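Remarks on the structure that follows.
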There are 2 protein chains.
Amino acid sequence: MTGKLTVVGLGPGNAGQLTPEALAAVDAADAIFGYGPYLDRIPARPGQLRTASDNKQELQRAAQALESAAAGANVAVVSGGDPGVFAMAAAVCEAIEKGPAAWRDLEMSVLPGISAMLAVAARVGAPLGHDFCAISLSDNLKPWPTIEKRLEAAAGCGFVIAIYNPVSRARPWQLDRAFEALRNHLPASTPVVFGRAVGRVDERMAIVALIDANATQADMSTCIIVGSAQTRVIPRAGKSSLVYTPRSMPGAST
Amino acid sequence: MTGKLTVVGLGPGNAGQLTPEALAAVDAADAIFGYGPYLDRIPARPGQLRTASDNKQELQRAAQALESAAAGANVAVVSGGDPGVFAMAAAVCEAIEKGPAAWRDLEMSVLPGISAMLAVAARVGAPLGHDFCAISLSDNLKPWPTIEKRLEAAAGCGFVIAIYNPVSRARPWQLDRAFEALRNHLPASTPVVFGRAVGRVDERMAIVALIDANATQADMSTCIIVGSAQTRVIPRAGKSSLVYTPRSMPGAST
């Protein structure tokens, strides 16, 4: 088999945060598969086939891409951010596991990208400077009680929490329920960072206290970082505040 | 004040995974501060001042860099991987909070990088494809019982776990204790990925079952990913196995 498949992370969406290896992989591909808005980020190249699909079609998209690679094409599957974080790399692996045995023989690689939480954190300081977790709020893929349990466990034992997929038209109430659950475990003043479309022209950042956080502040393009009880805000005159979580905590050995 | 300070993520260590904005920031700097091995990755430029310091000197390094920026220099502080994940961005914020008021007026920005867990995950498939957390095993910065509690809480509620700073000469026993704690909550067959120096010439990857995981397989340059009970291994003839965590889990609404 001569085809190959590369799962490519496009990062947050600006050229300065796209890795050279990701750019090269996309450029070299005969065929690119992805969610439409991600494909739109890539300059068109004559002769390169593009197949856009909806954002609920991950497994089908993965299977299509694998078929194309198995037929001999150099295929790229693109994801925003990092393809390994709630994105296409797991869908491609799942398709390989469930698909024809021949798909396991394909040359397959994953190229990482700057994930949304890293870009959002960087814009405000270093809220992920201590132990943290990343949770997708989509209960299309797991039961809501599991999500709530994880949020409470994470907040209860001191993780900063990055929330992916916070809201969508089909999931309007989940984020407020999540904030409610978190308020049971964290001080009202805990900093919450809303990072929308970070690194893109329509970027919008906001830092609010947990008690004031609500779902109207987020949309599908938002990644949210909820601090721990240790997370701090540094006000700056005439500049946006810095948010960071200290590397060390009380009771450390040094 | 005319100086500025940029905290720059150098990624895993190969040029293909260094973002253009990080490269540009390092190139434009008058002065670069960092842990020696990270400085060594950057081609020297005449007239550019470099100050290497040890990997336990983060806060002093941050203060030195801020002083230099306050004196008018264009300063870069470099970290391997992402500077916001157990690295220099939090140290710089902490130094700003504790330092002279003038440091808050400085132009300061953070440029994200590909963090080790993303690079390691990409090399084996998509182990971080579902909810996950990142824990530093260094008990220099927090009490060991807190670390153990977080590991058990994370494993107990289904997070994949990325372990940073797993061992050092001064911390020889912690990693085996961590594996022991995790074995109380996870199946013996749970995949554990050891990713050493990922993306560099001396890269070494290994996938073992949790029951066989031990501290001799890791060093200071290793990032470890411990799967959840859902994480799967796909064997491939003549190729390394793929490891991934499915996006969806049993009991999801669709």
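A:Ala162 versus (1) at the interface with chain B (Cβ under 7 Å from one of its Cβ atoms); (2) surrounded by 24 or more Cβ atoms within 10 Å (Cβ to Cβ): which is the lone unmet condition?
The number of the failed condition is (1).
With the condition kept exactly as written, say whether any residue in region A:94-112 is within 8 Å of chain B (Cβ to nearest Cβ), under 30 Å from A:Gly158 (Cα atoms) and without any contact (Cβ under 8 Å) to a residue 24 or more places away in the chain.
No - not one qualifying residue is present in region A:94-112.
Test B:Ser221 against the criterion of being of a type outside the set (A, V, I, L, M, F, W, C) and either loosely packed, with under 14 Cβ neighbours inside 10 Å or closer than 30 Å to A:Ala102 by Cβ (or both), and give yes or no.
no
Which one of these is of a type outside the set (S, T, N, Q), surrounded by 23 or more Cβ atoms within 10 Å (Cβ to Cβ) and modelled with pLDDT of 95 or more: A:Pro12, A:Pro20, A:Pro100?
Exactly one residue qualifies, and that residue is A:Pro12.
As an exercise: evaluate A:Ala170 against (1) of a type in the set (A, V, I, L, M, F, W, C); (2) farther than 27 Å from A:Val8 by Cβ; (3) at pLDDT 95 or above and give the number of the one condition it does not meet.
Checking A:Ala170 against (1) of a type in the set (A, V, I, L, M, F, W, C); (2) farther than 27 Å from A:Val8 by Cβ; (3) at pLDDT 95 or above, the one that fails is (3).
Among A:Gly84, A:Gly80, which is closer than 16 Å to B:Ile114 by Cβ, facing chain B (nearest Cβ under 10 Å) and not basic (Lys, Arg)?
Going through A:Gly84, A:Gly80 in turn, the sole match is A:Gly84.
As an exercise: evaluate A:Thr51 against (1) modelled with pLDDT of 95 or more; (2) within 17 Å of the chain's Cα centre (by Cα) and give the number of the one condition it does not meet.
Among (1) modelled with pLDDT of 95 or more; (2) within 17 Å of the chain's Cα centre (by Cα), the lone unmet condition for A:Thr51 is (2).
List the pairs whose first member sits in region A:57-76 and is within 17 Å of A:Gly47 (Cα to Cα), whose second member is in a helix (DSSP H, G or I), and whose Cβ atoms are under 6 Å apart, counting only residues at least 6 apart or on separate chains?
Note: pairs meeting the criteria are A:Val75/A:Ala65; A:Val75/A:Ser68; A:Val75/A:Ala69; A:Ala76/A:Ala25; A:Ala76/A:Val26.
Can you tell me which residues in region A:131-140 are at the interface with another protein chain (Cβ under 7 Å from one of its Cβ atoms), in a loop (DSSP other than H, G, I, E, B) and surrounded by 19 or more Cβ atoms within 10 Å (Cβ to Cβ)?
Step one: filter region A:131-140 for residues at the interface with another protein chain (Cβ under 7 Å from one of its Cβ atoms), giving A:131-136, A:139-140.
Narrowing further to those that are in a loop (DSSP other than H, G, I, E, B): A:131, A:139-140.
Within region A:131-140, A:Asp131, A:Asp139 meet the criteria.
Considering only region B:105-130, state which residues are in a strand (DSSP E or B) and either modelled with pLDDT under 95 or crowded, with 23+ Cβ neighbours inside 10 Å (or both). Even if it seems obvious, please write down each step before you answer.
Keep residues of region B:105-130 that are in a strand (DSSP E or B), which gives B:107-111, B:125-126.
Answer for region B:105-130, where residues must be in a strand (DSSP E or B) and either modelled with pLDDT under 95 or crowded, with 23+ Cβ neighbours inside 10 Å (or both): B:Met108, B:Val110, B:Leu111, B:Gly125, B:Ala126.
If I go through region B:170-225 residue by residue, how many of them are closer than 22 Å to B:Lys239 by Cβ and among the aromatic types (Phe, Trp, Tyr)?
Total satisfying the criteria: 1.
When you go through (1) surrounded by 18 or more Cβ atoms within 10 Å (Cβ to Cβ); (2) within 15 Å of the chain's Cα centre (by Cα) one by one for B:Ile207, which number turns out not to apply?
(2)
Can you pull out the residues in region B:134-163 that are touching a strand residue (DSSP E or B) at 6+ places or on another chain (Cβ under 9 Å) and of a type in the set (Ser, Thr, Tyr)?
B:Ser136, B:Ser138
More than 29 Å from B:Pro145 (Cβ to Cβ) and surrounded by fewer than 17 Cβ atoms within 10 Å (Cβ to Cβ), is that true of A:Gly238?
The answer is yes for A:Gly238.
The values are calculated or read from the model by the stated rules, or taken from the named source; none is laboratory data. These numbers were taken from a predicted model, which means no experiment stands behind them. Glycine gets a Cβ as well: all are built from the backbone with ideal geometry, and neighbour counts include every protein chain shown.
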